[in-house]
């Protein structure tokens, strides 16, 4: 069972966060096709190609519905018509087809038209939540590019939103959108210097530490969250995994057991028991 799946079945506060960010109908996404290599070492994906690929999975009736919606914008109040169409398409892809990429894309397009801080940050976190567990470089780039645009728009509406600043920094750390990930880390450190109790900032810096192999720094940030938010399953599981990767078995077992004690789901507990047994 993958970490994201483990957390989803685990319950608790993280489940609430993921449901808030994803909506309660979006399943784990399937691998997406990628375009040709760019001059850089990574590949990129175009949204139009993702949408085309998604449409290939529709039934004839569903495809007719989508095509009708896409062609429904007429003269007059075009912006308002587009907003309603994007919201309808987002609901269609999320509730009827249960496919993440087009759901997130149309949610983002509607948010851009609405241009409220709430809608922009909601859409941005859709992309960021998936970005944190995505392993394909091309998809990382697509998710981060979209999230970055949305966070930047949200900061234009409210420049004082620290959560959006941290989210923007996370796009640089995880998204293969810059040759200098320190640009993202600097943005987040600014937030922590001003507010040491910003747990979202600590989480992102912890995940960034894992990504760069700086396990001691990652553990430091995860332990701060564990102390302040003992029911934060995402931080606890990442703390256990970081100790695990570092080879500190006793501490890894301790925190895996801590996570297990907070997860009522038998399947998740079984997965954790297997990992604990392997470390003993």
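The values are calculated or read from the model by the stated rules, or taken from the named source; none is laboratory data. Here the structure is a predicted model, which means the values were calculated and not measured. Ideal geometry is used to build each Cβ from the backbone, glycine not excepted, and the neighbour counts take in all protein chains shown.
Spot the failing condition for residue 233; the list is (1) within 22 Å of the chain's Cα centre (by Cα); (2) modelled with pLDDT under 95; (3) closer than 26 Å to residue 180 by Cβ, and only one is missed.
With (1) within 22 Å of the chain's Cα centre (by Cα); (2) modelled with pLDDT under 95; (3) closer than 26 Å to residue 180 by Cβ applied to residue 233, the lone miss is (3).
Within segment 43-71, take every residue that is under 29 Å from the mean Cα position of the chain (by Cα) and in a loop (DSSP other than H, G, I, E, B) and give me the one that is surrounded by the most Cβ atoms within 10 Å (Cβ to Cβ).
Here the answer is 45.
Could you list, in sequence order, all residues of segment 230-251 that are in contact with a helix residue (DSSP H, G or I) (Cβ under 6 Å, 6 or more places away or on another chain) and either touching a residue at least 60 places away in the same chain (Cβ under 8 Å) or surrounded by 20 or more Cβ atoms within 10 Å (Cβ to Cβ) (or both)?
Once the filter is applied, which keeps residues that are in contact with a helix residue (DSSP H, G or I) (Cβ under 6 Å, 6 or more places away or on another chain) and either touching a residue at least 60 places away in the same chain (Cβ under 8 Å) or surrounded by 20 or more Cβ atoms within 10 Å (Cβ to Cβ) (or both), segment 230-251 yields 231, 232, 233, 234, 235, 236, 237, 238, 239, 240, 242, 243.
May I ask you to list the residues in segment 193-220 that are assigned to a helix (DSSP H, G or I) and either over 19 Å from residue 183 (Cα atoms) or out of contact with any helix residue (DSSP H, G or I) (no Cβ under 9 Å at 6 or more places or on another chain) (or both)? Steps first, answer last, please.
Step one: of segment 193-220, the residues assigned to a helix (DSSP H, G or I) are 193-194, 199-211, 215-220.
Selection gives 193, 199, 215, 216, 219, 220.
All but one of (1) modelled with pLDDT under 95; (2) assigned to a helix (DSSP H, G or I) hold for residue 74, so report the exception by its number.
(2)
Could you list, in sequence order, all residues of segment 106-124 that are touching a residue at least 60 places away in the same chain (Cβ under 8 Å) and surrounded by 24 or more Cβ atoms within 10 Å (Cβ to Cβ)?
Keep residues of segment 106-124 that are touching a residue at least 60 places away in the same chain (Cβ under 8 Å), which gives 122.
Selection gives nothing.
Quick grid of which residues meet (1) under 20 Å from residue 205 (Cβ atoms); (2) under 15 Å from the mean Cα position of the chain (by Cα):
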| position | (1), (2) |
| --- | --- |
| 137 | no, yes |
| 143 | yes, yes |
| 146 | no, yes |
| 151 | yes, yes |
| 159 | no, no |
| 162 | yes, no |
| 170 | yes, yes |
| 174 | yes, yes |
| 177 | yes, no |
